[in-house]
Amino acid sequence: MTKFSDLALSPKILEAVEAAGYETPTPIQKGAIPPALEKRDVLGIAQTGTGKTASFTLPMIQMLASGRARARMPRSLVLCPTRELAAQVAESFDTYSRNIKLSKALLIGGVSFKEQDALIDRGVDVLIATPGRLLDHFERGKLLLTGIEIMVVDEADRMLDMGFIPDIERIFSLTPFTRQTLFFSATMAPEIERITNLFLSSPARVEVARRATTSETVTQEVVQMKPSRRDRAAKEKRELLRAIIEREGEECRNAIVFCNRKTDVDIVAKSLQKHGFDAAPIHGDLDQPQRTRTLDKFRDGELRFLVASDVAARGLDIPRVSHVLNFDVPSNSEDYVHRIGRTGRAGREGKAVTISLPADEKLVGAIEKLITQDIPRVGNPMRAAAAKSEQPKRTRDRKKSQTSSLEAVGRRSGRTVGMGDHLPSFIAMSFKERAAV
Ligand code: AMP
């Protein structure tokens, strides 16, 4: 079995890895670290949750450990599709470079330019950025990319979804062609293939999981629901969501609830709060400090339900998420894989429950085809609850029908016993029958 010490990492880095509690390298780490340390380009086809962040941060730290950064000329660049992911990568650098002095700057929207400019002016070894913000800085003349020795593109498929590919191409062209490129994507869409052919030079290709496979430690379920009326579907879906949460009980330590639309993210979060659940929304329209606060609370276990849109949640590494609850079936099958990848991380157990309306069944079928796996349909917990609450009523009904049959007996017997034709059914019963009522 390959060990971290087999990967040509320096003792200081091995120490940091050990301190992080990692025992053995994950397949992407085994595959990507050695060629990266040989200064080769790497094309990593891996999803989040596979340990891919360490597969590029560890060799970068080692390679950047010698040498010094010059003012306004960062030595390396990591491009991430979202601010959250960029912040997470920055955290990884902090964790793994604890024994090595490296300067870094995080360029993300929602943070003041002034602070970021000051960092860049001093010179940084590692610049972690979202593409738009990086180009903003570049255009303001505050940043030169001609000193980039290593460039990382993380989650390229998400960059593609978000329309960042032209920005990425521009950034590539602003960096020296002698740079080393480490490029990561969960899937290889034709557009991604084109970019890699254009900007990577004979890369080591490391593919760790089949395209769009879901983790085996995640139990998946689809709860089918048929709204009583079309205009009640949203409300009934929120009721069902609560019923699912109740059904999961304490097993549902925390959950990310996914909605397809930002407006629904807000509505569902508010509705959960109104019903006494500890929930908060996260989507692209919320300001950065608010997003960071919510995320930190969720990470620290102070918030139980994070209601999210796909873009906001993509790539987030939140360990120990017990449940993913899909309020909507994602219209893009690959988003399903990314969503449920938020749970069952690093070999832990997780559960993903998806609410599906009759109109969504086609989408569920497409997901099943993509993951080459059938997702079990389970009973609607609301129907189960309704059946339970109906039980005493049915017993009552049974008694009622018993009574009416006795009335009929009384009527048939023609006994009047001085009470006219209105013989109370109770009197028409034998003692045995009365005791049974
Ligand atoms: P990533 O795919 O980079 O988002 O990483 C997913 C999770 O796996 C993170 O929480 C990492 O801290 C964790 N991780 C990374 N490498 C290892 C490893 N070799 N052993 C155990 N956990 C790891």
Identify, by number, the condition in (1) modelled with pLDDT under 95; (2) under 20 Å from residue 171 (Cα atoms); (3) within 16 Å of the ligand (Cβ to nearest atom) that residue 42 doesn't meet.
(1)
Residue in the range 63-75 that is crowded, with 19+ Cβ neighbours inside 10 Å and under 30 Å from the mean Cα position of the chain (by Cα) present:
no
I'd like the full set of residues that are over 11 Å from residue 195 (Cβ atoms) and under 26 Å from the mean Cα position of the chain (by Cα), limited to the range 165-178.
167
Just one of (1) of a type outside the set (Lys, Arg); (2) modelled with pLDDT under 90; (3) more than 16 Å from the ligand (Cβ to nearest atom) trips up residue 268, so point out which.
(2)
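Within the range 45-55, count every residue that is near the ligand (Cβ under 9 Å from one of its atoms) and either closer than 14 Å to residue 149 by Cβ or not in a loop (DSSP other than H, G, I, E, B) (or both). Write out each step before concluding.
Quick first cut of the range 45-55, residues near the ligand (Cβ under 9 Å from one of its atoms) only: 46-55.
Among the residues that remain, those that are also either closer than 14 Å to residue 149 by Cβ or not in a loop (DSSP other than H, G, I, E, B) (or both) are: 52-55.
Qualifying residue count, the range 45-55: 4.
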Residues of the range 302-327 being touching a Lys or Arg at 6+ places or on another chain (Cβ under 8 Å) and at pLDDT 80 or above, in sequence order, are 303, 304, 309, 310, 321, 322, 323, 324, 326, 327
Which of (1) modelled with pLDDT of 95 or more; (2) within 29 Å of residue 86 (Cβ to Cβ) is the odd one out, the single condition residue 356 does not satisfy?
(2)
Of everything in the range 93-118, what is away from the ligand (no atom under 16 Å from the Cβ) and touching a strand residue (DSSP E or B) at 6+ places or on another chain (Cβ under 8 Å)? Give them in sequence order.
102, 103, 104, 105, 106, 107, 108, 116
Given the condition buried (at least 17 other Cβ atoms within 10 Å of the Cβ), among the basic types (Lys, Arg) and assigned to a loop (DSSP other than H, G, I, E, B), answer yes or no: does some residue in the range 27-42 qualify?
yes
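Quick one: which of 36, 71, 90 is farther than 24 Å from residue 177 by Cα and either more than 9 Å from the ligand (Cβ to nearest atom) or out of contact with any Cys (no Cβ under 8 Å at 6 or more places or on another chain) (or both)?
Numbers: 36 fails: farther than 24 Å from residue 177 by Cα; 71 fails: farther than 24 Å from residue 177 by Cα.
Every option except 90 fails the conditions.
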Quick test of your reading of the structure: residue 181 fulfils all but one of (1) more than 24 Å from residue 122 (Cα to Cα); (2) modelled with pLDDT under 95; (3) not acidic (Asp, Glu). Name the failing condition by number.
(2)
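Looking only at the range 7-25, how many residues end up being within 11 Å of the ligand (Cβ to nearest atom) and either surrounded by fewer than 20 Cβ atoms within 10 Å (Cβ to Cβ) or small (Gly, Ala, Ser) (or both)?
Step one: list which residues in the range 7-25 are within 11 Å of the ligand (Cβ to nearest atom), which gives 7, 17-18, 20-25.
Cutting the leftovers down to either surrounded by fewer than 20 Cβ atoms within 10 Å (Cβ to Cβ) or small (Gly, Ala, Ser) (or both) gives us 18, 20-24.
Selection size over the range 7-25: 6.
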When you scan the range 202-218, do you find a residue that is free of Cβ contacts under 8 Å to residues at least 24 places away in the same chain and over 24 Å from the mean Cα position of the chain (by Cα), even just one?
no
Those residues of the range 91-106 which are among the basic types (Lys, Arg) and either within 24 Å of the chain's Cα centre (by Cα) or within 22 Å of residue 72 (Cα to Cα) (or both) amount to 101, 104
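The values are calculated or read from the model by the stated rules, or taken from the named source; none is laboratory data. Predicted model only: the values in this text are computed from it and were never measured. Here Cβ is always computed from backbone atoms with ideal geometry, including for glycine, and neighbour counts include all displayed protein chains.
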